[in-house]
Amino acid sequence: MFAVYSATQRISHLIYFGLFALQHRGQESAGIATSDGETVTVFKDLGLVAQVFDEPALAGLDGHLGIGHARYSTMGSNNWDNAQPAHRQVGNTSVALGHNGNLTNTAELAEALGVSGATTDSDLMAEGIARAVNDERSDARGLEMAVMEVAPTWKGAFSLVIMDQGRIVGLRDPNGFRPLCLGSLSDGGWVLSSETAALDLVGAKFVREVAAGEMIVIDANGINSYYPFERVDPGLCVFEFVYFARPDSQMYGRSIHAARTEMGRILSEEHPAPADVIVPVPESGIPAAQGFAAASGIPYADGLVKNRYVGRTFIEPTQMLRDQGIQLKLNPIPETLTGKRVVLVDDSIVRGSTTRQLVTMVRDAGAAEVHVRVSSPPYQWPCFYGMDTSDRSTLIAAQMGVDEIRDHIGADSLGYLSLDGLLSATGVSDAGFCTACLSGDYPTEVPESADKFQLERS
Ligand code: SF4
């Protein structure tokens with residue numbers, strides 16, 4: 001998610017560049033909403049940011065404030081209707097919303113609102129705000145009052161950028177599961193972004209993270225901050241450090257790349273391996289492999305080449321696409337692997353199918369031994385907060401112990417980073433993390449099961 005409020009310039013290109021830098025967070029659809037102070041214009045479609053937008057599309061997005069979104073679906077199908085920003089027109093007020101996360105009380109909200117046709121939690125949030133704006137429409141502070149009124153009814157994970165014709169609202173849920181940061185432009189404008197790395201691309205300076213439970217309102221008068229929720233302990237998704245975030249981003253003031261390198265260093269101490277070469281699974285396994293190699297003294301080498309133009313396999317929404325994706329995505333370098341005892345370093349094993357194919361690929365390329373090392377603990381519990389793993393039966397570590405997984409993926413040995421090791425590697429273990437998928441310790445109430453398509457089915 002990305003949002004810009006500028007004092008002096010059209011901002012559609014800035015949002016485009018921001019979304020481009022955040023493409024890794026969602027690759028199914030992309031959209032931008034802008035306003036010139038009078039009219040909100042929305043353009044969205046299925047595909048990557050660069051596929052969805054061209055010069056004519058950006059030229060049609062007029063105005064000095066706007067929001068953008070790149071979607072990875074954790075609720076609802078991947079179709080045009082569910083692409084974001086979600087939009088509602090209420091009387092004279094236009095509301096657009098971009099959401100990162102997943103609500104855990106979607107069914108209750110849908111029932112309370114009595115809506116028909118909403119297919120995602122994000123849609124329900126847009127609807128709830130629109131109705132509350134309608135109640136407040138004579139009030140110039142309508143949008144922020146509406147958000148303050150309805151946001152406490154939402155449970156679960158939501159980092160949001162919301163706009164009407166004249167202002168932008170940024171909001172993080174009380175736990176702060178998903179990130180959001182604030183940057184400043186040299187013209188006096190402001191930027192909201194899921195990650196700090198996207199600020200660099202538009203020449204914005206990092207100001208600070210939006211705090212867990214904080215709402216920021218940006219309009220012609222500048223910035224105001226509110227706290228509409230009861231305070232709870234913060235719980236940023238620890239997988240932002242492991243997998244989601246770009247390595248050149250910072251969270252809790254800590255470099256993601258430095259944290260991942262440290263994960264590899266600790267992993268090499270916890271699970272050393274007799275080997276000739278350390279090979280990363282590109283790209284998210286690279287920093288941990290570098291840390292593993294530096295700490296173990298075993299040479300690091302590229303043994304798998306990634307086609308940069310293929311999306312992350314894990315983010316693809318169906319198993320069939322994931323299975324095809326690995327062949328498209330990676331190719332081995334036999335010169336690195338033939339006759340070698342290889343340590344293959346990856347950031348996580350979720351379903352196991354990708355790792356199994358990788359081990360086969362490395363063996364077929366001539367490796368004498370393949371020792372898999374994973375820079376996070378076994379992923380055993382479903383995520384209800386914005387990672388598409390709500391079905392526990394698909395999680396290999398929920399079904400098998402480490403030795404069984406090792407046999408299943410065909411590795412000579414398998415070692416996972418401990419949870420203590422992971423938290424220590426972040427360098428900010430006291431800052432507050434969600435570790436539910438690794439520990440089963442959920443920071444909020446969660447449903448017994450979650451159906452990604454529950455609204456569509458009903
Ligand atoms: S359950 Fe796991 S993936 Fe989901 S928010 Fe918590 S740490 Fe992140």
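Every number in this text was worked out from the coordinates using simple rules, so none of it is lab data. For clarity, every value in this text was computed on a predicted model and none was experimentally measured. Glycine also receives a Cβ, built like all others from the backbone with ideal geometry; neighbour counts cover every protein chain displayed.
Key figures
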item: Loop-located trypsin sites (Lys or Arg not before Pro) in segment 224-298 whose Cβ has at most 11 other Cβ within 10 Å (DSSP); result: Arg231
item: For Ala157, residues with placed amide H under 5 Å, excluding near neighbours; result: Asn102, Leu103, Thr104
item: Under the Karplus curve 6.51 cos²θ - 1.76 cosθ + 1.60, θ = phi - 60°, whole-Hz ³J(HN,Hα) for segment 407-414, x wherever Gly or Pro sits; result: 5, 5, 8, x, 8, 6, 8, 9
item: Gained length - Asp407 relative to Glu55, 0.36 nm times residue gap less alpha-carbon distance; result: 121.6 nm
item: Whole-angstrom Cα spans of segment 2-234 along principal axes, big to small; result: 41, 37, 36
item: Rounded tilt (10° steps) of 256-270 against the dominant C-alpha axis of the chain; result: 30
item: Likely footprinting exposure, Lys306, Lys155, fewest C-beta neighbours within 10 Å first; result: Lys306, Lys155
item: Listed residues Gly156, Cys437, Thr360: farthest to the positive end of the dipole of the chain (Cβ charges); result: Thr360
item: Inter-site label distance for Glu445 and Met400 at 7 Å from Cα along Cβ, in nm; result: 3.7
item: With at most 12 neighbouring Cβ atoms within 10 Å, loop GluC sites (Glu not before Pro) (DSSP) excluded, longest segment of the chain; result: 231-444
item: Long-range amide H partners of Val90 with built H, under 5 Å; result: Val95
item: Cα-based helix-to-principal-axis angle, 353-364 vs the chain, degrees rounded to 10; result: 40
item: Chymotrypsin sites (Phe, Trp or Tyr not before Pro) lying in DSSP loop within segment 211-317, provided at most 13 other Cβ fall within 10 Å; result: Tyr309
item: Helix-only mean residue ellipticity at 222 nm for the chain, each DSSP H run of n ≥ 4 adding -39500 (n - 2.57), per residue, nearest 500; result: -8000 deg cm²/dmol
